[in-house]
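Report on the structure given below.
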């Protein structure tokens, strides 16, 4: 046998970037995923701004200014949670996670690629939603951008952890059902689109403690008041830690 | 015509391994293996050499380790893996060498895939040791991943991407991958390069998965049922690629249900059942040296009258001749050189030119069925 050089891996940055791009393309090319990540938030935005089916207490803001932050929070949820949970669950069932874990990408690279892929899809979402909102008369403060990015990152962390916890423990079909149902429930009663305080009865107290309510408050804080409330930051960090620990412990690759 | 690697006649003893921890009840448990002597000592086994085993697992970075690297690419000793308390792999031994194809045969549920997954670092053993290129597949996963290629039984391919897009993606994980175009050419992937994996046939998916397993120029390749669902052309392309890898010094471990695949490709065969190694050796070693009657198999024109043949072969009552399918004759009995000459003389007397005359005691499939039983489970 001749002396051979030992096969080597590509640099970690290149591996993870390749995986992130791969994941983002897979989501943006999938019809159902596009529906939940792009079409749904845009429909909600246009519906809430242009119709009066839902009676909104806009707290003195214009309808578009009041609604857009919540729609951005919804977009983060749809990608970081619903879309990611479903994609990961089916990848897990089909052995994709195991196969990629045997390549130099490895499990941590795969995870990093998934998170970056989610962020890449979110960039596309923000461009589409913000573009639509601007066309509808939205005039945000540019100075709010860092706070919006911060809120988005915190929300992405918490909801990606929840997505992985579900995807790594339930059957793929179960994840499909649960991820969609939870998205609907949180959208309606989770304090995303409307401030938790405007929800009926005990929901008002519960929703502020949910990651959805915290993310909604964070986005509204960033865009309406120029800063993210500390309480929302604490809630989102707490959920991220708890869900992340759960996913790390319970995630099954097989 | 005799194909390369086909079982041949020869007085080579069958090397049966008896796993170290086999309980005494094993023979009693498996009466169908009565043809084999369960007391054959371990030292007869060519595959499991304790001296090399020690070298391979002794150190991780020493020069001795590098030497062991060259001799033993994969070494599994006493592997135990339980699911819900039930041992699926129960003290299994396995060795694979560089530049060789090692086939792992066994009925469904024998523990083949679990064993392979332990070698790939996808499962942690509950007992025993696994070393790939001298390293622990779980603890040293980072070092091993670039050097180990994997083709999973269920494919593991994402379904929403196009075939070649996927292959390019996997190639991007390696510093110096094979040319994707060249590999696609070799395995005939260009015909469906832009088709999504979801719409590929089973055989096409298998070819993409194989390409993904070898695109990183691995030193060790694990192929779990590589030719399942493939048409004969695809299978041939896969076998050619496997032979090329072997010539390049790659250690190839494959599981298969296809006995002709193992017989054609494998330098070494491990037969596994109930989570244990029950036989090990080259195809020749496994199919020869049995105490049963010998066989001459003839392919010729159908409908020959066989009564004269038995007269030619002499008075020994154990001779038997039959035509199990039209044009295929089997002559069983104490086959030796003189008997073979008698058979061909008998054909010559009738002016019959046989398309093939092969001698051999049993096929690999016969051995496999004798060892693992003929009944469905």
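Points worth noting:
- Computed on the Cα trace of the stretch B:107-153, the radius of gyration divided by the Kirkwood hydrodynamic radius gives Rg/Rh = 0.97.
- The C-alpha atoms of chain A define a longest principal axis, and helix A:40-50 lies at about 10 degrees to it.
- Sites residue B:86 and residue B:325, calculated FRET efficiency, Cβ-Cβ separation with R0 41 Å, nearest 0.05: 0.45
- Springs join every pair of Cα atoms under 10 Å in this Gaussian network model of chain A, and among A:230, A:120, A:144 the largest mean-square fluctuation is at A:230.
- Between A:55, A:65, A:91, the Gaussian network model of chain A with springs among Cα atoms under 10 angstrom shows the greatest mean-square fluctuation at A:55.
- Label sites at residue A:200 and residue A:136, each approximated as a point 7 angstrom past Cα along Cα to Cβ, lie 2.4 nm apart.
- Estimated 222 nm signal from helices in chain A, with DSSP H stretches of n ≥ 4 weighted -39500 (n - 2.57), rounded to 500: -22000 deg cm²/dmol
- The stretch B:118-248 - convex hull of the alpha-carbon atoms, volume per residue in Å³: 113
- A straight chain from residue A:59 to residue A:32 at 0.36 nm per residue would run longer than the Cα-Cα distance by 6.2 nm.
- Dimensions of the stretch B:111-194 from C-alpha coordinates, computed as largest minus smallest value along each principal axis and given longest first, are 45, 27, 21 Å.
- Surface/4 estimate of mean projected area, convex hull on alpha-carbon atoms of the protein assembly as shown, nm²: 35.3
- Taking 20 Å as the cut-off, the amide N atoms of the stretch A:167-203 that come nearer than this to a point 7 Å along the Cα-to-beta-carbon line of residue A:93 belong to A:167-184.
- Cα convex hull of chain A - mean projected area over all directions, nm²: 15.6
- Spatial extent of the stretch B:290-342: Rg and Dmax, with the Cα atoms as the point set, Å: 10.8, 31
- Choice from A:112, A:85, A:12 with maximal GNM fluctuation in chain A (Cα, 10 Å cutoff): A:12
- Principal axis dimensions, largest first and in whole angstrom, of the stretch B:273-377 by Cα: 52, 26, 24
- Separation of the stretch B:96-159 from the stretch B:315-376 is 39 Å, based on Cα centroids.
- Counted residue by residue at 0.36 nm each, then reduced by the alpha carbon distance between them, the extension gain from residue B:124 to residue B:196 reaches 22.6 nm.
- Kirkwood Rh, Cα atoms: Rg over Rh of the stretch A:116-254: 0.99
- What the Cβ-Cβ distance of residue B:240 and residue B:154 gives, at R0 = 25 Å and to the nearest 0.05, is a FRET efficiency of 0.55.
- Kirkwood hydrodynamic radius of the stretch A:132-179, from inverse mean 1/r over distinct Cα pairs, in Å: 13.3
- Summarising the overall dimensions of the stretch B:60-182 from its C-alpha atoms, the Rg and Dmax are 16.1, 47 angstrom.
- Largest-first principal axis extents, alpha carbons of the stretch A:153-216, Å: 35, 24, 16
- Alpha-carbon radius of gyration plus Dmax, which is the widest Cα pair, for the stretch A:1-148 in Å: 19.9, 79
- Segment residue A:249-residue A:14, extension gain: residue separation times 0.36 nm, minus the distance between their alpha carbons: 81.8 nm
- Nearest-0.05 FRET efficiency for residue A:173 and residue B:182, computed from C-beta distance (R0 45 Å): 0.65
- Gyration tensor (alpha-carbon) shape descriptor, the stretch A:74-117, a/c threshold 1.5: oblate
- The eigenvalues of the Cα gyration tensor, multiplied by 5 and square-rooted, give the stretch A:103-163 an equivalent ellipsoid with semi-axes of 29, 13, 9 Å from largest to smallest.
- Unit Cα scatterers, Debye sum, the stretch A:30-81: log10 I(q)/I(0) for q = 0.22, 0.29, 0.32 Å⁻¹: -0.79, -1.09, -1.21
- More than 27 Å apart - percent of Cα-Cα pairs taken over the stretch B:187-315: 41
- Fewest-first ordering of A:77, B:151 by other beta carbons within 10 Å of each residue's beta carbon gives B:151, A:77.
Rule-based calculations on the coordinates, nothing more; no lab input. Everything numeric in this text was worked out from a predicted model, so none of it was measured. With ideal geometry, Cβ positions are generated from the backbone for all residues, glycine too; neighbour counts draw on all protein chains shown.
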